Amino acid sequence: NSRLAVMQNLADVLSAAEQDFEAGRWYLTAADGHPKGGELARQALYEAVVHFQAALDADAAQRRRVERVVARASLRRAGGRLLAEGKLSADQQRKVKFAIARSWYDEGRLREAADRLEAVAFEAAGTPEGDAAADLLLDAYNTRNDCLGLINAGRRLAEADSPVSAPVKARIGPIIQAAEQRQLDELSLAAAGEEGGDPQAELALLGRLD
């Protein structure tokens, strides 16, 4: 209909003008007007994801906090619909999954991000999105000060039969070593206590790293 055509055209104009946040909102609105599950709706949803991600990638100083919150939530809404339909190309699916995972990471909701980032790291291993997901996954655990989680995730990524790319595995090694050392330091202090330490308690704590 004419109203839908106007919305689609406005989204295209905003896209050409590189007004990504506004373009994303109008593509998402246009998608709601197209027949559900159809190609036009799918294209509009994908464009919404692309433009919301572009808006989030822009200088944060140029984007109000409320707009960043709306952009992340809208990106997840559009991306979730696309993944539920299951009709994306492999390239599109990889980018949408990473965008959703990253939106949780950027929002500081690291628990929600971790599972999604790890899935992308394995499913899209060797791609820019897969490599970035592996790096963000370990950073998420580090930000949470979760040494054990970081160590376990790092070991899974670095296993010999892991599909993760060699450059990423090379970066992971020192990160795991540093986390293990930090965990050992923390466990040693905890075991020592105020009375100078209990060797049996220390051994039990160290066993958590195995």
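The values are calculated or read from the model by the stated rules, or taken from the named source; none is laboratory data. Quick caveat, the model's predicted, so the values are computed rather than measured. Glycine also receives a Cβ, built like all others from the backbone with ideal geometry; neighbour counts cover every protein chain displayed. Heads up: the accessible areas ignore ligands, DNA and RNA and are worked out on the full protein's heavy atoms, side chains in. Shrake-Rupley method; radii C 1.70, N 1.55, O 1.52, S 1.80 Å.
When the helices in the chain are scored as -39500 (n - 2.57) per DSSP H run of 4 or longer and the sum is shared across all residues, what 222 nm value do you end up with, to the nearest 500 deg cm²/dmol? Can you show the working numbers first?
Working: 10 runs with 163 residues, N = 210.
Using -39500 (n - 2.57) per qualifying helix, the result is -26000 deg cm²/dmol.
Taking 0.36 nm per residue of separation and subtracting the Cα-Cα distance, what length does fully extending Ala192 through Lys87 add? If you can, show how the numbers build up before the last one.
Numbers: separation 105, 0.36 × 105 = 37.80 nm, distance 5.70 nm.
Full-extension gain reported as 32.1 nm.
Give the carbon-plus-sulfur fraction of the accessible surface of the chain in %, rounded to a whole number; probe 1.4 Å, heavy atoms of protein chains only. List each step's numbers first, then the result.
Numbers: 5760 of 11230 Å².
Using a 1.4 Å probe with all protein chains present, the chain comes out at 51 percent carbon and sulfur.
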With θ set to phi - 60°, apply the Karplus curve 6.51 cos²θ - 1.76 cosθ + 1.60 along region 10-18 and write out the HN-Hα couplings as whole Hz, x wherever there is a Gly or Pro. 5, 4, 5, 5, 5, 4, 4, 7, 6
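Using only alpha carbon pairs under 8 Å that are at least six residues apart, calculate the relative contact order of region 48-108 and give it in whole percent.
On the way: 38 pairs, mean separation 23.8, N = 61.
That works out to 39 percent.
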Just by accessible area at a 1.4 angstrom probe, what is the order of Ser15, Ser2 from largest to smallest? Ser2, Ser15
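Mind checking region 1-70 for trypsin sites (Lys or Arg not before Pro) that DSSP puts in a loop (not H, G, I, E or B) and that have at most 12 other Cβ atoms within 10 Å? List each step's numbers first, then the result.
Details: sites: Arg3, Arg25, Lys36, Arg42, Arg63, Arg64, Arg65, Arg68; in loops: Lys36, Arg63, Arg64.
Here the sparse-neighbourhood loop sites are Lys36, Arg64.
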Note to self: with every protein chain in place and a 1.4 Å probe, region 26-122 gives an accessible area per residue in Å² of 49 Å²
